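The values are calculated or read from the model by the stated rules, or taken from the named source; none is laboratory data. Here the structure is a predicted model, which is why all the values come from computation and not from measurement. Every residue, glycine among them, receives a Cβ derived from its backbone with ideal geometry; neighbour counts consider all protein chains shown. Calculation scope for accessible area: heavy atoms of the full protein, side chains included, ligands and nucleic acids excluded. Shrake-Rupley method; radii C 1.70, N 1.55, O 1.52, S 1.80 Å.
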Amino acid sequence: MTATDRVRTTAAALTAAALCLVATSCTNSGSEGGGSSSKASSDSSAAAQEVASPSQSASGPACTYKDYAGGVPKVDVTDGKTVVGFSQSESTSNPFRATETKSIESQAKKLGVKLIQRNANADVNAQNSQIEDMIAQGAKVLIVAPENSDGLGPALAKAKAKKIPVLTIDRTVGGKACDDFMSFIGSDFYGQAKIAADDLAKATGSDGHVAILTGTPGNNVSTDRTKGFQDQLKAKYPKMKVVASQTANFTQTEGQKVMEQLLQAHSDIDAVYAENDEMALGALQAIRSAGRTPGKDIQVVSIDGTRQAVQNVASGALAADIETNPRFGPLAFQALKDFYGTKGVQSKVIIKDGHFAKTNAQQALDDGLVY
């Protein structure tokens, strides 16, 4: 069974899942770009987020509004009056951020939620200020996609002082669950990196000179994706040697620039691990500019599952791509409902992600599984 088949099979059970997600809304929010797969992306439930098994996703006792920071006021986020604030960390020129934002907006509209939002454009200081501004505008609960895992202390402290709970998505924040934030919903970044290491080893015959393009320093995504990859190489692939590792801050422009520099300094590089698709796309440009062929002279593996990257998997330029599903809207608002109900939310909820290789990439594109 291919990865795409597994995604389809598990997606069939989505409507009966514990979080009772509405799959079509989630899928609509993830439709990015055109082409033959755009209708499939709107209609298929297979692109929706799913929660991993309870043993993987549950972490600690459930948190409710009665428990959070000694207790916070109960509100109904769907009454059309309660203001919910959404803080996006980075520009929506990034397909992940665009899809994530659209998912939150779409689900808020569907539920009748009064939503206000801000975009920090990769500036953690701006994100702190914007969160405080949303609090001043009357937000009673916050959904935050953090720019930096350790940099939102001032905003979190302000929210806590005002008895305003915070739900974090896609990146973690510092602090204590059910005290400084209610929950984190996101991917298993360490596990993604281990799969990437396996993919790159397979593409190189377990013998290669690897360059790592790391993400923005100071957030858990980059930390976990670096450690998981290196740990897996050390444990299983002793002939895979990391000859260079440098941040490109999760951007395509820096990915190209850094890759150009690394190729000049290390002519023996024949494998690249990019910690997101934007950097991978930049690396592909640099490799071609250097007169080398990605997928032949240099094998490249990435993480995110964006449409352009998966197209490069289908064409053979990328060896593989591990998905990070950004369609957080239904999960996030269900978490808020559970938080203000009796069920509560776990401190950590891990989602399942797809895995795209040459064998299933085109089918995934045709079926609307990418964004």
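Seen against the Cα atoms of the chain and their longest principal axis, helix 95-111 is set at about 30 degrees. Taking A235, A335, A286 as the candidate residues, the one with maximal mean-square fluctuation in a Gaussian network model of the chain, Cα springs under 10 Å, is A235. C178 sits with roughly 30 Å² accessible to a 1.4 Å probe, with DNA, RNA and ligands left out of the calculation.
Among the protein heavy atoms, those of I351 account for about 10 Å² of accessible surface (1.4 Å probe, every chain in place). For region 136-242, with all protein chains in place and a probe radius of 1.4 Å, 52% of the accessible heavy-atom surface sits on carbon or sulfur. Taking all Cα pairs closer than 8 Å and separated by 6 or more residues, the relative contact order of the chain comes to 23 percent.
Once backbone amide H atoms are built at 1.01 Å from N, M182 has V166, L167, T168 as its partners under 5 Å, excluding neighbours fewer than 5 places away on the same chain. Each residue was assigned an accessible area with a 1.4 Å probe, and for F356 the value is about 10 Å². Distant-in-sequence amide contacts of V272, defined by a placed amide H-H separation under 5 Å and a gap of 5 or more residues or a different chain, comprise A211, Q299, V300, V301.
Residues K337, K358, sorted by accessible area with the largest first, give K358, K337 [1.4 Å probe; ligands and nucleic acids excluded].
Ordered from largest to smallest accessible area (heavy atoms of protein chains, 1.4 Å probe), the residues S187, S106, S315 come out as S315, S106, S187. Is there a pair in K163/K343; K109/K194; K162/K227 whose C-alpha atoms are over 31 Å apart, and which pairs would that be? Over 31 Å apart, Cα to Cα: K109/K194; K162/K227. How would you classify the chain from its alpha-carbon gyration tensor, with a ≥ b ≥ c the square roots of the eigenvalues: rounded for a/c under 1.5, else prolate if a/b is greater than b/c, otherwise oblate? The shape class here is prolate.
Checking every one of the trypsin sites (Lys or Arg not before Pro) in region 58-111 against DSSP loop status and a limit of 15 other Cβ atoms within 10 Å picks out K66, K74, K81.
Determine the percent antiparallel among the DSSP beta bridges restricted to the chain, to the nearest 5. Given both bridge residues lie in the chain, the antiparallel proportion sits at roughly 10 percent.
Largest first, the residues V75, V84 sort by 1.4 Å accessible area into V75, V84.
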